[in-house]
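Here is the structure we will look at, set down as structure tokens.
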Amino acid sequence: MSKNGETNGVAVQQSPSTSRISRDSNSAPAGWEYSPAPETTKVALKSSYGLFIDGKFAEPKGAKRFETINPSTEATLSEVVQATPADVNRAVAAARAALPKWAGLPAAERAKFIFRIARRIQERGRELAIIETLDSGKPIKESRDVDIPLVAAHFFYNAGWADKLGYVFQGQTSQSPKAKSGKGSLPEIASGVRPVGVCGQVIPWNFPLLMAAWKIAPALACGNTVVLKPAETTPLTALVLAEIFEECGLPPGVVNIVTGDGVTGRAIVEHPDVDKIAFTGSTEVGKIIAKSVAKPRPDGKFKRLTLELGGKSPHIILEDAAIDQAVEGIINGIYFNQGEVCCAGSRLFVQESILDTVVKKLEIRLASLRTGDPMDKNTDVGAVNSKEQLSRIEHYLKLGQTEGAELRMPGYSGEVSPSNTGSKHGLPSKGFWCRPCFFTGVQPSHTIAREEIFGPVLSVLSFRTPEEAVSRANNTPYGLAAGIWTEKGSKMLSIAKQIKSGVVWCNTYNKFDPASPFGGFKESGFGREGGVQGLKAYVEV
Amino acid sequence: MQSGTKAAGRDFAPSPKVDAVMAAERAASFTKRSIKSKSKLAGLKLALSMLDLTTLEGKDSPEKVRALCAKAVNPGAGQADLPDGLPSVAAVCVYPNLVKHCRDSLASMGALGRVKIASVATGFPSGQYPLDVRLDDTRRAIHDGADEIDMVINRGAFLAGRYDEVAEEIRAVKRTCLQEGVKAARHDGEGKGRAISLKVILETGELETLDNVRFASDLAIRAMDEATRELEPDTIYSALHATNGTARNGTHEPHGTHRSYSSFDFIKTSTGKVTPAATMPVTLVMLEAVRDWYLETGKLVGVKPAGGIRTAKQSLHYLVMVKETLGALQGVNELHAGGWLTPELWRFGASALANDILRQISWLHSGKYRANYDVTEA
């Protein structure tokens, strides 16, 4: 009895003054905090990686190498090769050589390889998630629950299409001269359907392995061969994927992975023997690529091109929305992956009558987000991918204020000013960090409402009528994604139809599925990835 | 005051709508938190201290209730491998006929008032009785020694859209709690006046949609507040001054204009007699209602999920949900230290949960996982 006397959490009626202090450390701490929960599984990283060309990892003679670091600690993880144009030549040649045999395989056999890759990705899922988090700075929660499961799903999904392409392109094949058999043409992979050929693919650092999966899986399903360059700052999971290709016995040359910076990327894009370029990255680089691809190859043919570029996606909250869930959607839309998401809902449009409520709830919700060590299983917001990206974000944090918007940094109690944004408050001195935050009082003319920030920074704007919401939402050079929140179906559909963007999410945000096509309008690019639509870019019909 | 007359003029502000898909997704996200080592032990002890140890069977006997009280006061008694200083649970929860046995039993252990006596009343679990019978049920339970009344709402009226009637019945029960509380004997035997806490059971399993859960929550919170404001401070304060010469024998001190005489009131998910009972999405919506009420008025209302929470792990998931939904509100600690992560504002209504928590604590403490038969029955 007595041992419980003073430790009980329930107030003693007769002595109200002691009710506060009776809750000692043994029962109910006033603040219940989570203990650190680091992912402790060890992964084996090599001290250096070569290039994966023609089914073998090899380091070219005299190769220049560069380090890839952990953005949350700035510690070196490994070294990779800076591939030269000569290395790219070898990779393209290997892909070309492997093409006829790979395209000529019975479709079901090709599917088997892709299924095998998908299963192996699942088996090595934890390892891949850890490496992805180490290399990119994203929280382990996301790489474990979102990135890697989606990677496997994309391989599974596209493997399933490999022997069913005849159904996908039924009725679309009779008119195309390209689909006719001719000298040197590739074998049919279905009636009237042929692969495009050698695909050069250049991918970004925000979803390193997922972007590789989006590019490689449909290419393989359609009988193409691939030269892929992962981003400079996040090459590691693509190299582990190459190991998986080896394990699965994928024929040499079918996928080649070359690491390097923009020089390597340019060598792929400008290579005369590449049939198709797929690029995901900035609009700036996308424009350069589009110009380059506009010139025909020496043989007179044009390269095919798909671009998935930047965005400044509008997220519209109407006054009849389910507000608490909409706030979750806003959080997911802009703070998922530190906001380093091309389709991030970075322009929030809130209907005037609920603006104050939404801002208040956003502030409260933001204070419960956990920013810090990406390897901690309870971390919601991890490290920014690179020093360059962080300085870009910081530039906008200052600019937004000088242009007249108010920066809100929940969880930071000090005064926020252009010279001290509070964005590093409570975060380690090493590594690249930015607290999740948002701007209020943003005008459509402000730079932070027009340019892609690619960080955990939201611009909050308001509107009065649905018509105004639509016109403001469309007032952007981009057109990648949009979100609409309302409990009224007719309003939702009417607005969704008027928004010029590739994806419109209704009462949700950032939902991805391999069966659903993804891609942009306007300066957000062209071509679709995912779904049957995504297969089109990889076939001649 | 008849339902449907004065009440018809009352303003039922529309409640925010709830998107069920996203609410379920958010609720599931709390189960992904990794609660380890120190925070796990602290969380389990906290959960134990928040238990309403419950028995609500037709076959309940005075002897069973005595066992329940003994377990409530000292949950780990008779079990090896437990650390010292485990808390008592918050309350025992029984049918009205058994309240006096609880009172005698707790009194014999010197725990009266420390472990609260909660009684389901108002024609629990269906509520399908005339209002005066339900009010009398409440009155008797308080007279016999109950500190807390777990009432059921009139789901028939709610689903039929007779919201005024539902609200007026809640107000009537709340008024009864306040009035009877003034008359009730103090547990220390020195005079009269006991703070009676009201828990309104929404029986969310019968309300079906989260929109209904949200509206019923708002309705119950407003109704309890209206009844409290009607009677306070005049009736309660003056009555208490007259009886005791002090108005300060409630569990909580008055907090400016916001809090006054009485413990915090609660909204509660379920009777435990209907499936589904408490779920995380339902409880999340109720937490959001409580949060919005606080933001609007600065007043605190407790939440009690009941039924279906059987494992220690589940209880930690719920605590994570409380922490992440209500933990970041400014000004709460000044009103009530610890906010909703205290037994005054959060309860688990459960019977099997206590022993699973004890087994987990003994595992953390000693590395040994005890068999079912190693922990004592209540």
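The values are calculated or read from the model by the stated rules, or taken from the named source; none is laboratory data. Just so it is clear, the structure is predicted and the values come from calculations on it, not from any experiment. With ideal geometry, Cβ positions are generated from the backbone for all residues, glycine too; neighbour counts draw on all protein chains shown.
Within segment A:360-401, can you find the residues that are of a type in the set (Val, Ile, Thr) and either farther than 29 Å from B:ASP292 by Cα or not in a helix (DSSP H, G or I) (or both)?
A:THR371, A:THR379, A:VAL381, A:VAL384, A:ILE393, listed by residue number.
So A:ARG365 ticks every box in (1) touching a residue at least 60 places away in the same chain (Cβ under 8 Å); (2) in contact with a helix residue (DSSP H, G or I) (Cβ under 7 Å, 6 or more places away or on another chain) but one. Which box is left unticked?
For A:ARG365, the exception is condition (1).
Are any residues in segment B:340-376 among the aromatic types (Phe, Trp, Tyr) and under 19 Å from the mean Cα position of the chain (by Cα), and if so, which ones?
B:TRP340, B:TRP346, B:PHE348
Any idea which of A:LEU427, A:LEU362 is closer than 17 Å to A:SER346 by Cα, of a type outside the set (S, T, N, Q) and at pLDDT 95 or above?
Result of the check over A:LEU427, A:LEU362: A:LEU362.
From the list A:GLY262, A:GLY253, which residue is touching a residue at least 40 places away in the same chain (Cβ under 8 Å) and touching a helix residue (DSSP H, G or I) at 6+ places or on another chain (Cβ under 8 Å)?
That would be A:GLY253, the only listed residue that is touching a residue at least 40 places away in the same chain (Cβ under 8 Å) and touching a helix residue (DSSP H, G or I) at 6+ places or on another chain (Cβ under 8 Å).
If A:GLY333 meets every condition in (1) more than 14 Å from every other protein chain (Cβ to nearest Cβ); (2) within 25 Å of A:TRP205 (Cα to Cα); (3) among the small types (Gly, Ala, Ser) apart from one, which number is that one?
Among (1) more than 14 Å from every other protein chain (Cβ to nearest Cβ); (2) within 25 Å of A:TRP205 (Cα to Cα); (3) among the small types (Gly, Ala, Ser), the lone unmet condition for A:GLY333 is (1).
What number of residues within segment A:329-352 are within 18 Å of A:ALA473 (Cα to Cα) and either part of a strand (DSSP E or B) or not hydrophobic (A, V, I, L, M, F, W, C) (or both)?
Adding up the residues that qualify gives 10.
Under 7 Å between Cβ atoms, which residue pairs at least 6 apart in sequence (or on different chains) link something in segment B:49-75 that is within 14 Å of chain A (Cβ to nearest Cβ) and surrounded by 16 or more Cβ atoms within 10 Å (Cβ to Cβ) with a partner that is aromatic (Phe, Trp, Tyr) and not in a loop (DSSP other than H, G, I, E, B)?
Within 7 Å, the pairs are B:MET50/B:TRP346; B:MET50/B:PHE348; B:LEU51/B:PHE348; B:ASP52/B:PHE348.
Please go through segment B:87-109 and pick out each residue that is assigned to a loop (DSSP other than H, G, I, E, B), more than 7 Å from chain A (Cβ to nearest Cβ) and not hydroxyl-bearing (Ser, Thr, Tyr).
First, pick out the residues of segment B:87-109 that are assigned to a loop (DSSP other than H, G, I, E, B): B:87-90, B:95, B:109.
Adding the requirement that they be more than 7 Å from chain A (Cβ to nearest Cβ) leaves B:89, B:95.
Scanning segment B:87-109 gives a single hit, B:VAL89.
Would you tally the residues in segment B:110-138 being touching a residue at least 60 places away in the same chain (Cβ under 8 Å), hydrophobic (A, V, I, L, M, F, W, C) and within 14 Å of another protein chain (Cβ to nearest Cβ)?
2
Among the hydrophobic types (A, V, I, L, M, F, W, C), buried (at least 24 other Cβ atoms within 10 Å of the Cβ) and in a loop (DSSP other than H, G, I, E, B) - does that describe any residue in segment B:128-141? Don't jump to the end; show me each part of the working.
Our first condition is that a residue be among the hydrophobic types (A, V, I, L, M, F, W, C); within segment B:128-141, this holds for B:131, B:133, B:135, B:141.
Going one step further and asking which of them are buried (at least 24 other Cβ atoms within 10 Å of the Cβ), we end up with B:141.
From the residues that got through so far, the ones that are in a loop (DSSP other than H, G, I, E, B) too are none.
No, every residue in segment B:128-141 fails to be among the hydrophobic types (A, V, I, L, M, F, W, C), buried (at least 24 other Cβ atoms within 10 Å of the Cβ) and in a loop (DSSP other than H, G, I, E, B).
Any chance you could count how many residues in segment A:435-467 are outside any strand (DSSP E or B) and either under 20 Å from A:ASP380 (Cα atoms) or among the hydroxyl-bearing types (Ser, Thr, Tyr) (or both)?
Number satisfying all stated conditions: 9.
If you scan segment B:198-220, which residues turn out to be more than 20 Å from A:ALA322 (Cα to Cα), surrounded by fewer than 24 Cβ atoms within 10 Å (Cβ to Cβ) and not acidic (Asp, Glu)?
B:GLY205 - this is the single residue of segment B:198-220 that is more than 20 Å from A:ALA322 (Cα to Cα), surrounded by fewer than 24 Cβ atoms within 10 Å (Cβ to Cβ) and not acidic (Asp, Glu).
Of all residues in segment B:80-98, how many are more than 30 Å from B:ARG140 (Cβ to Cβ), surrounded by fewer than 24 Cβ atoms within 10 Å (Cβ to Cβ) and touching a Lys or Arg at 6+ places or on another chain (Cβ under 7 Å)?
Total meeting the criteria: 3.
Does A:ASN89 satisfy the criteria of being buried (at least 20 other Cβ atoms within 10 Å of the Cβ) and either modelled with pLDDT of 95 or more or not assigned by TED's automatic domain parsing to the domain that holds A:ALA219 (or both)? Show your work before the answer.
Working: buried (at least 20 other Cβ atoms within 10 Å of the Cβ): no; either modelled with pLDDT of 95 or more or not assigned by TED's automatic domain parsing to the domain that holds A:ALA219 (or both): yes.
Criteria not met by A:ASN89.
Do any strands (runs of 3 or more DSSP E) lying entirely in segment A:48-142 carry at least 1 residues that are farther than 17 Å from A:GLU232 by Cβ, and which ones are they?
Output list reads A:51-53, A:56-58.
Just name the residue that is surrounded by the fewest Cβ atoms within 10 Å (Cβ to Cβ) out of those in segment B:278-329 that are outside any helix (DSSP H, G or I) and touching a His at 6+ places or on another chain (Cβ under 8 Å).
B:GLY298
Per-residue answers, yes or no, for (1) within 19 Å of the chain's Cα centre (by Cα); (2) farther than 30 Å from A:GLY329 by Cβ; (3) part of a helix (DSSP H, G or I):
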| position | (1), (2), (3) |
| --- | --- |
| B:ALA13 | no, no, no |
| B:VAL18 | no, no, no |
| B:ARG26 | no, no, yes |
| B:SER29 | no, no, yes |
| B:ILE35 | no, no, no |
| B:SER39 | no, no, yes |
| B:GLY58 | no, yes, no |
| B:LYS64 | no, yes, yes |
| B:LEU68 | yes, yes, yes |
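Take segment A:311-328 and flag every residue that is among the charged types (D, E, K, R) and either more than 11 Å from chain B (Cβ to nearest Cβ) or in a loop (DSSP other than H, G, I, E, B) (or both).
A:LYS312, A:GLU319, A:ASP320
Residue-by-condition table, conditions (1) crowded, with 24+ Cβ neighbours inside 10 Å; (2) more than 30 Å from A:SER386 (Cα to Cα); (3) small (Gly, Ala, Ser):
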| residue | (1), (2), (3) |
| --- | --- |
| A:GLU188 | no, yes, no |
| A:SER191 | no, yes, yes |
| A:TRP214 | yes, no, no |
| A:VAL227 | yes, no, no |
| A:PRO230 | yes, no, no |
| A:GLY249 | no, yes, yes |
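Residue-by-condition table, conditions (1) crowded, with 23+ Cβ neighbours inside 10 Å; (2) in contact (Cβ under 8 Å) with a residue 24 or more places away in the chain; (3) more than 14 Å from chain B (Cβ to nearest Cβ); (4) touching a His at 6+ places or on another chain (Cβ under 6 Å):
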| position | (1), (2), (3), (4) |
| --- | --- |
| A:ASP380 | no, yes, no, no |
| A:TYR412 | no, no, no, yes |
| A:GLY422 | no, no, yes, no |
| A:GLN443 | no, yes, yes, no |
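Name the residue that is nearest to A:ARG116 (Cα to Cα), counting only residues in segment A:220-241 that are outside any helix (DSSP H, G or I) and in contact with an Asp or Glu (Cβ under 7 Å, 6 or more places away or on another chain).
So the residue we want is A:THR234.
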